[in-house]
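Q: For reference, the structure I am asking about is given below.
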Amino acid sequence: QLPGINALVDIGNIVSLRHLLPVGGHAIDGLQADIALRPAHGREVFIPFGSGQPEHPEAGEFIFAEADTVLTRRWTWRQSSRTMTTLDTSDIEFNVDALPPVSQADAAAACREISELTARFCGGQMSVHVLSRENPSIRLRD
């Protein structure tokens, strides 16, 4: 049994376990720059959740970053507190990491479930976007 943290974190954890896919959630209320999933150059700064000790990712390691601030390392396994979801979070980005052999249909089902659970337990407006080689970026807000 997983401990409850807050509705948004719990939704990500539930969907991750049900679909056996990594699911991350990032509060984007306070972002100051664009975010990107990209290879690290190795000089970015990562402060792990629950720690004050800065780290630097290895060059070439894939990171989720806001400029040179690392939000997540090793896909969604290691997250910083920079975009931690709290009870005050009003804007969130959920990412579902669906790499082969996971099908697009399986990824879409996980995204639908996140949308349905978020609408049911948190309210608000949602949209689903898929990033791929053919569609490498999205606009989260204007």
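Q: For the stretch 57-81 and the stretch 1-15, write down the distance between their C-alpha centroids in whole Å.
A: Result: 22 Å between the Cα centres.
Q: For the Cα atoms of the chain, what angle does the longest principal axis make with the long axis of helix 7-19, in degrees from 0 to 90, nearest 10?
A: For 7-19 against the chain, the angle is about 80 degrees.
Q: Right, something else. Tell me the carbon and sulfur percent of the accessible area for the stretch 1-90, rounded to whole percent, probe radius 1.4 Å.
A: 55 percent
Q: Classify the stretch 40-142 as rounded, prolate or oblate, taking a ≥ b ≥ c as the square roots of the eigenvalues of its Cα gyration tensor: rounded when a/c is under 1.5, otherwise prolate if a/b is larger than b/c and oblate if not. Spell out each step's value before the answer.
A: On the way: a/c = 2.01, a/b = 1.34, b/c = 1.51.
Judged from the Cα gyration tensor, the stretch 40-142 comes out oblate (a/c at least 1.5, b/c at or above a/b).
Q: Note down the relative contact order for the stretch 37-97 as a percent, whole number, built from C-alpha pairs under 8 angstrom at least six residues apart.
A: Relative contact order comes out at 28 percent.
Q: Run the dipole for the chain about the Cα centre, Lys and Arg Cβ at +1, Asp and Glu Cβ at -1, nothing else charged, and hand back the magnitude in debye, nearest 20.
A: For the chain, the charge dipole is close to 200 debye.
Q: For helix 104-121, what angle does its Cα long axis make with the longest principal axis of the chain, in degrees from 0 to 90 and rounded to 10?
A: For helix 104-121, the angle is close to 70 degrees.
Q: What is the local net charge at Val70, summed over the other residues whose Cβ is closer than 11 Å to its Cβ (Lys, Arg +1; Asp, Glu -1)?
A: Result for the local shell: +1.
Q: What does the charge count around Leu131 come to, taking other residues whose C-beta lies under 13 Å from its C-beta (Lys +1, Arg +1, Asp -1, Glu -1)?
A: 0
Q: Please give me the summed charge of the neighbours of Gly42: other residues whose Cβ is under 15 Å from its Cβ, Lys and Arg +1, Asp and Glu -1.
A: Cβ neighbours under 15 Å give a net charge of -1.
Q: To the nearest 10 square angstrom, what accessible area does Ser127 show with a 1.4 Å probe?
A: Spelled out: Ser127, probe radius 1.4 Å, area about 90 Å².
Q: Count neighbours as other Cβ atoms within 10 Å of each site's Cβ, and list the chymotrypsin sites (Phe, Trp or Tyr not before Pro) in the stretch 1-90 that are DSSP loop with at most 16 such neighbours.
A: Sites meeting the loop and neighbour criteria: Phe49, Trp75, Trp77.
Q: Take Ala33 and Ala119, extend 7 Å from each Cα along the Cα→Cβ direction, and tell me the distance between the two endpoints in nm.
A: Result: 3.6 nm between the two label points.
Q: Could you give the accessible area per residue of the chain, probe 1.4 Å, as a whole number in Å²?
A: Roughly 66 Å² per residue, with all protein chains present.
The values are calculated or read from the model by the stated rules, or taken from the named source; none is laboratory data. In this text, all values refer to a predicted model and were calculated from it rather than measured experimentally. Cβ coordinates were reconstructed from backbone atoms using ideal geometry, including for glycine residues, and neighbour counts include every protein chain displayed. Quick note on the areas: whole protein, heavy atoms, side chains included, nothing else; ligands and nucleic acids left out. Shrake-Rupley method; radii C 1.70, N 1.55, O 1.52, S 1.80 Å.
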